[in-house]
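Coordinate-derived values only; no laboratory data. The structure presented is a predicted model; accordingly, all values stated were derived computationally and were not measured. Cβ placement follows ideal geometry from the backbone for every residue including glycine, while neighbour counts extend to all protein chains displayed.
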Amino acid sequence: MATIRTVSGDIARVGADALITAINSGGKWLGGIDGVIKRAAGNLFHAQAGKAMPLSDGQTVIAQGDGHVLKGAFKNVVFVVDNLQRPLREVVYLGLKAASDAGFAKVSLPTIRMGLMLGAVEKTIDEAVSEMACGVRKFLAEHPKTSVQDITFVVYDDDRTQSLLESALKAN
């Protein structure tokens, strides 16, 4: 059974085989987690996503670190193309499945759709948190023999969201 936890802080400092995050299909990867990834690795990971263009909603791209020395503690990135056309649970599920298919054991996820995208699909923080937890539950139920053994959600400076997420994930 996978260990699921939440931590507060900078996702770039959380050790992981892969950081799982959402990107849009249009190649406009500028702020939020994209900025964190670029500060840690320059354009290494986003260039790999760019090579997979055109991207479609729900597609996953495994961007390999290939042993490059990074300023972050993650080694690879799993991008899930998210054009805000599906529930967040599906974005989380697709990211975990791609990570498992790639053989990753330890993954980290930010609180997806909780910044500027909050309200575009999920209308509240509570709804987004519930959707993320549902995605994890669905993935673990359907993939009991997954390679993913450690799932860490990283919340940046928001005690309330971290508490809500911890509670929702404990319901697993």
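Data table
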item	result
Choice from A52, A40, A18 with maximal GNM fluctuation in the chain (Cα, 10 Å cutoff)	A52
Square roots of five times the Cα gyration tensor eigenvalues for the chain, Å	22, 18, 16
Relative contact order, percent, the stretch 85-172 [alpha-carbon distance under 8 Å, six or more residues apart]	42 percent
Candidates D82, D34, D101, ranked by Gaussian network fluctuation over the chain, Cα under 10 Å, top entry	D101
Exposure proxy order (Cβ contacts within 10 Å, fewest to most) of S108, S25	S25, S108
Extreme residue, positive dipole direction of the stretch 3-170, given options G67, L169, I112 (C-beta unit charges)	G67
Residue of D17, D57, D157 that the Gaussian network model of the chain assigns the largest fluctuation, springs spanning Cα pairs under 10 Å	D157
Coil-residue trypsin sites (Lys or Arg not before Pro) of the stretch 58-111, DSSP, other Cβ within 10 Å capped at 13	K71
For the chain, size of Cβ-based charge dipole, Lys and Arg +1, Asp and Glu -1, in debye	260 debye
Cβ-based exposure ranking for M132, M1, M117, in which fewest neighbours within 10 Å come first	M1, M117, M132
